[in-house]
Amino acid sequence: MKNTLITKMIHTENQKIKKMNRQVVESIKNNESITQQVLETSMVPQSFSERLADRVASFGGSRYFIVSLFVFMALWIILNVVRLSNSAFDPFPFILLNLILSCLAAVQAPVIMMSQNRKETIDRRRAENDYLINLKAETQIQMLEEKIDLMVTEQMKNLFKLQEAQTTLLKDIKKHVSK
């Protein structure tokens with residue numbers, strides 16, 4: 001059971017890598033830029049719930065939220081203990097405050113996780129795009145190295161032919177001078 005799951009995961013990952021390799025080959029054949037593909041995939045519009053989750057997560061993880069929460073709790077406690085000591089709407093154990101904080105945590109945690117999951121998906125896409133760009137760059141560098149090697153080889157052949165011709169000319173000159 002465990003081995004089949006691992007084998008399936010590896011197979012799926014290999015399929016993804018093969019697909020990305022094909023994308024790189026196609027972009028090289030068509031002389032296209034992969035960075036354009038990166039921009040197109042990163043411009044996916046967000047839904048209302050995704051934007052809301054991002055805003056709640058950014059506020060819920062800020063110093064402003066923490067300070068606001070402490071101010072709210074301090075005001076709640078001061079109001080119930082000092083001001084309304086006889087007729088407090090939430091007396092000392094602060095059960096209502098505890099309920100409000102629990103509800104806030106129960107709602108806030110899944111929303112923050114939604115935002116993190118979405119950002120993780122975006123990061124994964126960026127990492128895949130970085131891989132594609134790096135793979136294309138590596139492939140093009142290898143192609144350039146092969147072209148340079150070919151050019152050097154051709155240049156060496158030409159230099160040897162030129163040297164041979166010069167040697168022949170020197171021998172001819174030497175024969176003329178010696179006569």
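Where a number appears in this text, it was derived from the coordinates with a stated rule and is not lab data. Just so it is clear, the model here is predicted, and its values are computed rather than measured. Note that each Cβ is placed from the backbone with ideal geometry, even for glycine, and that neighbours are counted across all protein chains shown.
What shape does region 45-119 take by its C-alpha gyration tensor, where a ≥ b ≥ c are the square roots of the eigenvalues and a/c under 1.5 counts as rounded, a/b above b/c as prolate, and the rest as oblate? Verdict is prolate for region 45-119. If the segment from V71 to A109 were pulled out straight at 0.36 nm per residue, it would be longer than the present Cα-Cα gap by 11.6 nm. Calculated mean residue ellipticity, 222 nm, the chain: -30500 deg cm²/dmol, from DSSP H runs (n ≥ 4) at -39500 (n - 2.57) each, averaged per residue and rounded to 500.
Ranking of V111, V24, V177 by neighbouring Cβ atoms within 10 Å, starting from the fewest: V177, V111, V24.
Around the Cα centre of the chain, unit charges on the Cβ atoms of Lys, Arg, Asp and Glu (plus for the first two, minus for the last two) sum to a dipole of about 560 debye. Based on alpha-carbon atoms, the Kirkwood radius and the radius of gyration of region 33-178 give Rg/Rh equal to 1.62. Round to the nearest 10 and give me the degree value, 0 to 90, for the angle of helix 95-178's Cα axis relative to the longest principal axis of the chain. Value to nearest ten degrees: 10. Over 25 Å apart at the Cα level, from the set K18/K136; K29/K119; K8/K136; K16/K136; K19/K136, are K29/K119; K8/K136.
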